[in-house]
Amino acid sequence: MTEQNAKAIQHYIGQHREELLEDLLTLVRAESPSTDKGCCDACAEVLAGLVKKRLGVECTRYEMPQNGRHLSAIVGEGKRRALLVGHYDTVWNVGTLPLSRDGNRLAGPGVYDMKYGDISAIWALRALQELKLMPEGSFELLFNSDEELGSPTSRPLIEEHARQASCVLILEASAGPEDNPAIKSSRKGVGMFQIVIHGLASHAGSDYQKGRSAILEAAWLTEQLFALTDLEKGTTVNVGVLNGGTKRNVIAARAEMLIDVRVTKKEEGERVSRAILALSPRQDGVTFEITGGMNRPPFEFTPGNRALYERAEKIAAVMGCQLRHTAVGGASDGNFTSALGIPTLDGLGAVGDGAHAQHEHILLQESLEATMRLAGYLSEL
């Protein structure tokens, strides 16, 4: 990348700062909790409208029976240089997190995770169009509505479209402190399991011995599950929810456990999955229903991912930025594409903090600089 092109991109994004911000506010105001199909569908139409307005292309809509519709748009013609993946669903119910701005800080539902990333991709491509810096070939934007739920309906779509591209760029927010953000070069794989324990109810006073406590079994299971953790290997197992029983004086006939698994290696996911699925009751008369599995494979820093990062690092240097990368514990849709062997980079979106938290926010200037770098990467793919 030449310094002249880098400066042209930086100038263009800076010059259109207010328009980009207005697009972002429009998208954030279209609140879109993952489980609200009506809101998600409405938000998808707002996003499709912004793609049409800024890039001059129509979105293809993929209708889902329960989740919001997914969107894709092709910019350019010919060989697919990159698939840019974003999601527009959020963890916030409508009206629970206010939208506010204080100088360089913009807070609101999904602004960091990850509506800025969606808008950033649109404007990065627009900058290349306007500056006549689009490389030969095409780019695809793919926006899904269920990432916060584990991408159950969008995963097949993401994997199918990723196979048509030379690489995948994930528009999630950057990692690390706001004053030193980083590309996400690896992520843990995620497993989600549920265990329902069926015991036998009885009176806790007069018929204590006739009962079979599901809660007692759950307490034992909790120890077995946490013991599967291996911190040296980056493997964690967490019982995040445990419910059971009906009354103080009744031996509990039922309990339910929700379990989260995080691994850095595929083999660890297989080990933990086998161990959980093989669990059996200690008490006679107690039964288990065990469901679930590994939802997302680990996103590892493969040679292909490393080569893609090194290219981005060189382009960032021309743009006056010293890029860095890091591993994170959370998962994204990049876990799917990296596991397919397709070079994938993540964390190319907003700079800020507070994913899923009350203090969710972005830093505007720093996020704009991330958009400039994204445009630079795309121009050299």
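The values are calculated or read from the model by the stated rules, or taken from the named source; none is laboratory data. Because the structure is predicted, anything quoted here is derived from the model rather than measured. Every residue, glycine among them, receives a Cβ derived from its backbone with ideal geometry; neighbour counts consider all protein chains shown. Keep in mind that these areas ignore ligands, DNA and RNA; they rest on the heavy atoms of the full protein, side chains included. Shrake-Rupley method; radii C 1.70, N 1.55, O 1.52, S 1.80 Å.
Give the shape of region 39-190 as rounded, prolate or oblate, defined through the alpha-carbon gyration tensor: a ≥ b ≥ c are the square roots of its eigenvalues, a/c under 1.5 means rounded, and otherwise the shape is prolate if a/b is larger than b/c and oblate if not.
Rounded shape, in that the Cα axes give a/c under 1.5.
Among the DSSP beta bridges whose two residues both lie in the chain, what percent are antiparallel, rounded to the nearest 5?
Just about 75 percent of them are antiparallel.
Looking at the chain as a GNM with Cα springs under 10 Å, which of Thr371, Thr344, Thr96 has the largest mean-square fluctuation?
Thr96
Give the carbon-plus-sulfur fraction of the accessible surface of the chain in %, rounded to a whole number; probe 1.4 Å, heavy atoms of protein chains only.
50 percent
Could you sort 309-321, 21-33 so that the peptide with the highest average Cβ count within 10 Å comes first and the rest follow in order?
Ranking, from highest mean packing down: 21-33, 309-321.
Excluding ligands, DNA and RNA, what is the solvent-accessible area per residue of the chain at a probe of 1.4 Å, expressed in Å²?
The answer is 43 Å² per residue.
Could you tell me the center-to-center distance, by alpha carbons, between region 294-334 and region 77-135 in angstrom?
18 Å
Pick the calculated Rg and Dmax of the Cα atoms in Å for this structure from (1) 23.3, 85; (2) 29.8, 97; (3) 20.5, 65?
(1)
Note the angle between two axes, namely the Cα long axis of helix 37-55 and the longest principal axis of the Cα atoms of the chain, as a number of degrees from 0 to 90, rounded to the nearest 10.
In the chain, helix 37-55 runs at an angle near 20 degrees to the longest axis.
Enumerate the lysines that Lys132 could reach by cross-link, defined here as Cα to Cα under 20 Å, with residues fewer than 8 away along the same chain left out.
Output for Lys132: Lys7, Lys52, Lys53, Lys79.
How high is the relative contact order of region 161-303, in percent, counting Cα pairs under 8 Å that sit 6 or more residues apart?
Contact order relative to length: 34 percent.
To the nearest 10 degrees, how steeply does helix 303-318 sit against the main Cα axis of the chain, on a 0 to 90 scale?
The angle comes out at about 40 degrees.
What's the magnitude of the charge dipole for region 1-105 around its Cα centre, counting Lys and Arg as +1 and Asp and Glu as -1 at the beta-carbon? Answer in Debye, nearest 20.
Charge dipole, region 1-105, about its Cα centre: 320 debye, nearest 20.
Hey, can you grab everything whose amide H is under 5 Å from the amide H of Thr344? Only 5+ residues off in sequence or another chain; H modelled, so Pro and N-termini drop out.
Val168, Asn305
Rounded to whole Hz and in sequence order, give me ³J(HN,Hα) for region 361-368 from the Karplus expression 6.51 cos²θ - 1.76 cosθ + 1.60, θ = phi - 60°, writing x for Gly and Pro.
Each residue's phi maps through the Karplus curve to give 6, 10, 9, 5, 5, 5, 5, 4 Hz.
Pairs of alpha-carbon atoms within less than 8 angstrom and 6+ residues apart define the contacts here; what relative contact order does region 21-108 have, in percent?
The value is 30 percent.
Is the C-alpha gyration tensor of region 220-351 telling us rounded, prolate or oblate? Criteria: a/c under 1.5 is rounded; beyond that, a/b larger than b/c is prolate, otherwise oblate.
Prolate is the answer for region 220-351, as a/c is 1.5 or above and a/b outweighs b/c.
May I ask you to derive the relative contact order of the chain, considering only C-alpha pairs under 8 Å and at least 6 residues apart, and to give it as an integer percent?
Over the chain, the number comes to 23 percent.
Take the alpha-carbon centre of region 160-197, take the same for region 24-59, and report the distance between them in whole Å.
About 22 Å separates the Cα centre of region 160-197 from the one of region 24-59.
Which of the lysines could be linked to Lys210 by a straight reach, that is with a Cα gap under 25 Å, when you skip same-chain ones fewer than 8 residues away?
Lys247
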